[in-house]
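**Student:** Before we start, here is the structure in question, set down as structure tokens.
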Amino acid sequence: MCKGAPSSSALWEQKAMCIQRVELATDYTAYVEYSDTPMPKKTLTYVSHEASRTGAPLFLYNALSRMNPIDWDQQVLLLRDGSLKKSFADLHPTRVYKEFWWKALCHTKKTPDLYYLNSHSYSFLHQAQQEGVPALCHVHEVPLSFAHESPETLELLRTYPLSYLAVSRYVENMLVSMGIERKKIRYCPSGIDVVHWKRRSSGEKLRHKIGIPSDAIVIGMSGQVVSLKGVDIWIEMAKMLTKNHPEKKWHFVWVGGVSKYEPDYLQMMQQEVQDAGLSQCIHFVGEQRDPRSYYEVFDIFTLTSRMESLSLVCLENAMMGTPVIAFSAAGGPQEFGNHGFVELVQDMNAQFMVNAVLSMHEDLKRQRELQEKAAIIIPQMYSIDTSVSTMKDEIQRVFSDVQLLKMHCDEY
């Protein structure tokens, strides 16, 4: 038995509770065939690792805001507080997890029929197992994200969930390499609001506000200021472009805030910029509630991340008609390159990114090709409405598959 696992008697109690839920579900099916009384709704709890205005939590919020109509009751459980808490609470009942409080609450309140774990929340699988509640995992991670998970949690992630949603083919293959059966994984790429992410201005006013000349070439990036996002590579690229091509007016804009896990990293990067004498042309503008106006300033978007599960910021900038360049080795963006709307750089270093930027800036035909492909493919494959439809369908499939729930209870 793994560390922290419940006792045999407790496991039998959980199994009995779970079987009772399955039997009730079966009884409900028979009941509604002969009765006009509505069947009680299923209940689902979404679990988010935090409420920050970043990739996975922001995607979940945007998805939930579109998830109507539904046939089940929903609530949100945040493992950590954050700026999105109020936004979640405006949609559904929302609580911030505190272990002892939650366990006490579960003794006095009916547990949900299903936990929907959205990214980085896999330690909560231990709680789900103790409650005897099945889980569905929506996986947004890269391999490095699992480096600090305990062996017990990784084993539970591999065996306990009924199914998995993978945000990219890259993530799908990662899960298979972890020992998860491919038949339990469903491809569900994270999507964007294709109507919102349209260019509405030239960005001239914001350029003036930031201090960027109208004839400057602006290279953009968006993401938290952390080492995984390749901030150092991006700054090195800026150094090379400004030093070796001084005939052009280069400016660089990074949209994104500081991570609580690397609080000093921005200061370190800003010091490097200052030491290089580039403070006037490299701009860290912080987290923006709606970064679209900043994206309108960009002439080229360079994703310098070392790893990405997919990259919503690539989709957003490409949808706005901005040429996007990314490292193929980052993982998730590979499928964008395969679809032809993102330019991929094979070697992960600043010089190769510099070469790609210079080539892209001069090649107007290539820019148009990327824009045309993005305008067709992103609404077809990477719309958030498509993501929501897949999520709803998978939840409904799990709820309606009584045999699947029974097999799960028999195993645990």
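The values are calculated or read from the model by the stated rules, or taken from the named source; none is laboratory data. This structure is a prediction, so every number in the text was calculated from the model and none was measured. So basically every Cβ, Gly included, is an ideal-geometry build from the backbone, and we count neighbours across all protein chains shown.
**Student:** Could you check how many residues of region 27-43 are modelled with pLDDT of 90 or more and surrounded by fewer than 21 Cβ atoms within 10 Å (Cβ to Cβ)? Walk me through it before giving the result.
**Tutor:** Pass one, region 27-43, residues modelled with pLDDT of 90 or more: 42-43.
Cutting the leftovers down to surrounded by fewer than 21 Cβ atoms within 10 Å (Cβ to Cβ) gives us 43.
Of the residues in region 27-43, 1 are modelled with pLDDT of 90 or more and surrounded by fewer than 21 Cβ atoms within 10 Å (Cβ to Cβ).
**Student:** So, one more: Anything in region 297-315 that is among the acidic types (Asp, Glu) and surrounded by fewer than 23 Cβ atoms within 10 Å (Cβ to Cβ)? List them, or say none.
**Tutor:** Asp299
**Student:** Which residue, of Ser190, Ser279, Ser202, is crowded, with 21+ Cβ neighbours inside 10 Å and assigned to a loop (DSSP other than H, G, I, E, B)? Explain how you work it out, then say what you get.
**Tutor:** Values: Ser279 fails: crowded, with 21+ Cβ neighbours inside 10 Å; Ser202 fails: crowded, with 21+ Cβ neighbours inside 10 Å.
Unique residue meeting the criteria: Ser190.
**Student:** Just name the residue that is surrounded by the fewest Cβ atoms within 10 Å (Cβ to Cβ) out of those in region 224-276 that are among the aromatic types (Phe, Trp, Tyr) and in a helix (DSSP H, G or I).
**Tutor:** Tyr265
**Student:** Considering region 161-217 alone, what residues qualify as being without any contact (Cβ under 8 Å) to a residue 40 or more places away in the chain, touching an Asp or Glu at 6+ places or on another chain (Cβ under 7 Å) and closer than 30 Å to Pro246 by Cα?
**Tutor:** Once the filter is applied, which keeps residues that are without any contact (Cβ under 8 Å) to a residue 40 or more places away in the chain, touching an Asp or Glu at 6+ places or on another chain (Cβ under 7 Å) and closer than 30 Å to Pro246 by Cα, region 161-217 yields only Ser214.
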